[in-house]
Amino acid sequence: MPVGRQLPRLGPTSQLWPSGGVHLWPSGGTSSVHSHPRGHLVYAARGVLSVHTERGTSIVPANRIAWTPAEFTHYHRAHGDTDMRIVFLPPSQARLVPDRPAVFLASGLAREILLTLTSPRDHDRAARARLRRVLVDELQEAHEQPLVLPKPHDDRLQAIARILSENPADNTSLAELGRTIGASARSLSRLFHNELGMTFYEWRTQLRVYHALVLLADGHDTTRVAHACGWANPSSFIAAFTNLVGTTPGRYRTTP
């Protein structure tokens, strides 16, 4: 875990304050579909979290912070026993971050501020406001990270998403998938670029890394996860995972 402090034991517990709170969820725990009048940041101090909106799925391992704007309908899901921290931003500060769901690299300072703002310790309003300002400054300095899996809306892309979500290890080419669903590879490539802003292979890699994070959080070893998600060997999986997530898969494996 990349945070140098002792975290509480996990259990089906929630502690909420007007400015944020803590949700301790068992693996597989899922919130209801909901929205908030204020935008909010979520951070998984332990485990892996996914945030699902109409725009797609944000994957939030322990070195990322996810942002969901006000009134965006969404739900959360825990992968592995998860300590989720949530911080709400007032409108004046929410204007400084994107008006769409986003994922940011979590600096050490940002993590500490999130843990402090969501701890039971009593902070006066002025202190909380100062901490939130520093947190937003940290996010503005951080680069957005490619851990948001866009949700396709075109029927043809949705068909491909269903096929590959059911079997991330499927190495079928885009041309072959196109023949299955009745579309040319050229048309599908254009749809991936225009609708999702990436190539088919970039999207499939992100899909596979998402599934890999889930399997690692459930305690599966690197070799098994690599094969289950379509990599021919662990070394190529580790390289692709590290390139996208920023740390090795071993950082996210939960020991049973």
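All of the numbers you see were taken from the coordinates with simple rules; none came from a lab. As the structure is a computational prediction, the values presented were derived from the model and not from experiment. Ideal geometry is used to build each Cβ from the backbone, glycine not excepted, and the neighbour counts take in all protein chains shown.
In the chain, what percentage of the DSSP-assigned beta bridges are antiparallel, given to the nearest 5? Numbers along the way, then the final one.
Numbers: 41 of 41 bridges.
Percent antiparallel among DSSP bridges in the chain is about 100.
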> How high is the relative contact order of the chain, given as a whole-number percent (alpha carbon pairs under 8 Å, six or more residues apart)?
Replying inline: 17 percent
> Got the relative contact order for segment 13-141 handy, in percent, Cα pairs under 8 Å and 6 or more residues apart?
Replying inline: 28 percent
> If you count, for each residue, the other Cβ atoms within 10 Å and average over each peptide, how do 125-132, 83-90 line up from highest to lowest?
Replying inline: 83-90, 125-132
> Quick one: net charge of H52's neighbours, Cβ under 11 Å, K/R +1, D/E -1?
Replying inline: +2
>> Please list, ordered by chain and number, the residues whose modelled amide H lies under 5 Å from the amide H of D81; skip anything fewer than 5 residues away on the same chain.
In response: S27
> For I65, I113, I163, what ranking results if the residue with the fewest other Cβ atoms within 10 Å of its Cβ goes first?
Replying inline: I163, I113, I65
> Looking at segment 50-147, which GluC sites (Glu not before Pro) are in a loop (DSSP not H, G, I, E or B) and have at most 11 other Cβ atoms within 10 Å?
Replying inline: E54, E71
>> Please report the net charge: other residues with Cβ closer than 13 Å to the Cβ of N243, K and R +1, D and E -1.
In response: 0
